[in-house]
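**Q** Sharing a structure with you now.
FYI, it's all coordinate maths here, none of it is from the lab. Here the structure is a predicted model, which means the values were calculated and not measured. Cβ: placed from backbone, ideal geometry, glycine included. Neighbour counts: every protein chain shown.
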Amino acid sequence: MNKNKLKEFIFSLCSVMSVSGFEKRAEKPITELTAGMFDSTLTDAVGNRIFIKKCGKQNAPRVLIDAHLDEIGMIVTEVCKGGFLRIANLGGIDVSIMQAADVIVYGEKPLRGVIASTPPHLKKDDKLPAFSELLVDTGLSEDTLKELVDVGTPVGFAPIYGELLNGRLIGKSFDDKACAACALLAIAETPGEELAADVYVMLSATEETNRLGGVAAGAFRCDPDYAMVIDVNLARVPDTKDYETVEMDKGISISLSAATDRRLSMATAELCRRKDIPFSLIAAPSSTGTNATTVNLVGLGIPTVDVGLPLACMHTYNEVISMTDAMSLARLVREFVCSKEIAAEMTREEVSLI
C-alpha cells in the first residue's frame with residue numbers, strides 16, 4: 001500500500017462530519033469517497049455503513065471488520081441572547097480543552113465558530129467552566145442564528161489536519177475513522193480471489209455515546225463467522241503508566257480479554273509474527289472498552305479479536321497517530337482477511353443437540 005495514498009484517505013474520511021447520533025449525514029460524502037471500491041454497500045436503520053467484498057468461493061465463511069464511524073462532538077441546546085449558542089457534550093470531551101476551540105456548527109449551512117473564552121486578566125479563579133456554561137460564537141446576531149440553527153443541531157471540531165515530524169499525523173476524529181480508513185483501503189486494494197472469506201467492513205454508529213453501540217444491530221445483520229474490531233488505543237505519553245498505554249511507532253496492539261475470543265486473538269498474534277507485522281499484547285481483563293465486547297456476544301456468539309491503533313491526545317481536536325502504525329494496521333487487516341488458516345479454524349460448525 002502507498003503510504004501517501006493512505007494518509008490522504010485518512011484525512012479525507014476523518015474530515016467527514018459524523019458526530020455521534022448524526023452518522024447518517026455522512027452517507028453521501030462517504031459514498032463519494034468509496035465509489036467503486038466494494039462489490040456492494042448498505043446503510044441500516046441505526047446508521048451503520050457496511051461495505052461488502054466477496055471472495056467468489058461457494059459457501060464461503062464471513063468475516064466482519066468493525067471500526068466505528070461516529071466521532072465525539074457537541075449538540076446545540078439553546079440559542080442565547082447576544083448571538084451565542086449553548087452546547088452539550090456528545091461522547092466524552094474533556095472540558096479543559098474546549099475554550100477557544102475551533103468548531104463547525106452544522107445548521108442550515110455550516111457555520112464556523114469558536115468557543116468563547118474568558119481572558120485570564122478577567123478570571124476570578126482558576127476553575128474550569130462547566131460544559132453547560134460554554135458558548136459558541138459564530139459572529140452572527142441572535143435573530144440570524146435562530147434562522148440558521150435549531151436546538152439539536154450537531155457541532156463538530158473543525159477539520160484541520162497537518163503533520164508533525166517523524167510521520168505523525170494530527171487532526172480531529174482519528175478515533176475511530178483513521179482505523180476505518182486503514183481497513184477500507186486495505187480490503188479495497190486486495191483482489192477478491194485472495195480473500196479467504198466474504199468480507200464485511202462495518203463503519204458502526206454511536207460507539208461514543210451508547211454502551212452497546214450500533215454495532216450490535218450491524219453485527220447481527222452481517223452474521224459473520226468471526227470478527228476483528230479495530231479502535232484506537234491510548235498511546236504512551238510522559239504522564240502515563242506503561243501498563244495502561246501502548247508505545248507509538250511500534251505497531252498495533254492485540255487485547256487479551258475475557259470479553260474477546262482468546263483462540264482468535266492468539267491466532268492473530270501468530271499471524272503478525274509470521275508476516276513481520278509489529279504488535280504488542282495488552283491485558284484488558286474484563287472489557288476492552290471497544291465494540292469488541294458487544295460483537296463477541298451478538299447472535300449465537302461471534303469470535304472476536306480486538307486490535308488497537310496507538311493514539312495520543314485522545315478525544316481532542318488534535319489527536320495524534322503514527323503513519324508507521326497505520327501502515328502496520330492496514331497490513332494486518334489485509335493478512336487477516338486473506339488468512340485461510342484463520343478462516344478454516346474460526347468457521348462455525350453446526351452442533352446437534354440430543
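**Q** Report the Stokes-Einstein translational diffusion coefficient (µm² s⁻¹, integer) for segment 117-175, Rh taken as the Kirkwood radius over Cα pairs, at 10 °C with viscosity 1.306 mPa s. Mind showing how you got there, number by number?
**A** Values: Rh = 15.5 Å.
Approximately 102 µm²/s, per Stokes-Einstein.
**Q** Now a separate question. Report the full-extension gain for the segment Asn166 to Met314: residue separation times 0.36 nm, less the Cα-Cα distance, to one decimal in nm. Walk me through the numbers on the way to the answer.
**A** Details: separation 148, 0.36 × 148 = 53.28 nm, distance 1.92 nm.
The Asn166-Met314 span can extend by a further 51.4 nm.
**Q** Read phi for every residue in segment 108-121 and hand back ³J(HN,Hα) as whole Hz from Karplus 6.51 cos²θ - 1.76 cosθ + 1.60, θ = phi - 60°, with x for Gly and Pro.
**A** Result, ordered by residue: 3, 9, x, 10, 6, x, 9, 6, 4, 10, 7, x, x, 5 Hz.
**Q** For the residue pair Ala344 and His121, what label-to-label distance in nm results when each label sits 7 Å from Cα along the Cα-to-beta-carbon direction?
**A** Label at Ala344, label at His121, 7.5 nm between them.
**Q** Check the straight Cα-Cα distances from Lys172 and name the lysines below 27 Å, setting aside those fewer than 8 residues away within the same chain.
**A** Reachable lysines: Lys3, Lys5, Lys7, Lys24, Lys28, Lys109, Lys127, Lys241, Lys250.
**Q** Here's something else I'd like to know. Among Val201, Val95, what is the fewest-to-most ranking by other Cβ atoms within 10 Å?
**A** On the way: Val201 28, Val95 14.
Placing the least packed residue first, the sequence is Val95, Val201.
**Q** For semi-axes √(5λ) of the Cα gyration tensor in Å, the listed values are [x] 35, 27, 16; [y] 43, 25, 20; [z] 37, 22, 19; which was obtained by calculation from the structure presented?
**A** [z]
**Q** Calculate for the chain the 222 nm mean residue ellipticity that helices alone would give, adding -39,500 (n - 2.57) per DSSP H run of length 4 or more and normalising by residue count, nearest 500 deg cm²/dmol. Please list the in-between numbers first.
**A** On the way: 9 runs with 89 residues, N = 354.
Taken over the chain, the calculation gives -7500 deg cm²/dmol.
**Q** For a quick check: sort Met228, Met248 by the number of other beta carbons within 10 angstrom, fewest at the front. Before the final figure, lay out each step's value.
**A** Numbers: Met228 26, Met248 21.
Placing the least packed residue first, the sequence is Met248, Met228.
**Q** Another question, if that's okay. Give me the net charge for the shell around Ala227: Cβ to Cβ below 10 angstrom, other residues only, Lys and Arg +1, Asp and Glu -1. Kindly include the intermediate steps, with their values, before the conclusion.
**A** Details: positive: Arg62; negative: Asp66, Asp225, Asp261, Asp306.
My count for the surroundings of Ala227 gives -3.
**Q** Over the Cα atoms of segment 73-157, each weighted equally, I'd like the Debye log10 I(q)/I(0) at q = 0.16, 0.18, 0.20, 0.24 Å⁻¹, rounded to two decimals.
**A** Here log10 of I(q) over I(0) equals -0.56, -0.70, -0.86, -1.19.
**Q** Loop only per DSSP, at most 13 neighbouring Cβ atoms within 10 Å: give me the trypsin sites (Lys or Arg not before Pro) in segment 91-199, ordered by residue number. Don't jump to the answer; show the numbers that get you there.
**A** Numbers: sites: Arg112, Lys123, Lys124, Lys127, Lys146, Arg168, Lys172, Lys177; in loops: Lys123, Lys124, Lys127, Lys172.
Those satisfying the criteria are Lys123, Lys124, Lys127.
**Q** By how many nm would the segment from Ser132 to Glu193 lengthen if fully extended, with 0.36 nm per residue of separation less the alpha-carbon distance? Present the calculation step by step, with values, prior to reporting the outcome.
**A** Working: separation 61, 0.36 × 61 = 21.96 nm, distance 5.35 nm.
Going from the current span to full extension adds 16.6 nm.
**Q** Please give, to one decimal in nm, the separation of the simple spin-label points placed at Lys146 and Glu270, each 7 Å out from Cα toward the Cβ.
**A** 6.8 nm
**Q** Additional query: Taking a cut-off of 16 Å between Cα atoms, list the aspartates and glutamates near Lys124, but don't count ones fewer than 8 places away on the same chain.
**A** Output for Lys124: Glu133.
**Q** Another question about this same structure. Hydropathy first: keep DSSP H helices in the chain averaging at least -1.0 on Kyte-Doolittle, then drop any whose Cα extent along the axis falls short of 15 Å, and list what survives. Can you show the working numbers first?
**A** Details: long enough: 3-14 (16 Å, 0.06); 174-188 (21 Å, 1.32); 262-274 (18 Å, -0.57); 323-338 (23 Å, 0.70).
Membrane-span-like by this rule: 3-14, 174-188, 262-274, 323-338.
**Q** To continue, here is another question. Run the simple label-point estimate for Ala100 and Arg262 please: 7 Å along Cα→C-beta, distance reported in nm.
**A** Label at Ala100, label at Arg262, 5.1 nm between them.
**Q** Separate question: Amide H neighbours of Tyr226 under 5 Å, at least 5 residues apart or on other chains, H built in the peptide plane: list them.
**A** Arg62, Leu64
**Q** Moving to a separate point now. Compute the distance from the alpha-carbon center of segment 49-86 to that of segment 241-270, in whole Å.
**A** Using only Cα atoms to place each centre, the spacing works out to 24 Å.
**Q** Residues of segment 277-315 with backbone nitrogen within less than 19 Å of a virtual label 7 Å along the Cα-to-Cβ line of Tyr243, please, listed as ranges.
**A** Label zone hits: 280-289.
**Q** How do Val307, Val229 line up, fewest other C-beta atoms within 10 Å first?
**A** On the way: Val307 28, Val229 32.
Least to most surrounded, the residues fall as Val307, Val229.
**Q** Once the Cβ-Cβ distance between Met37 and Asp223 is put in as r, and R0 is 25 Å, what FRET efficiency do you end up with, to the nearest 0.05?
**A** Numbers: r = 23 Å, r/R0 = 0.91.
Result of the calculation: an efficiency of 0.65.
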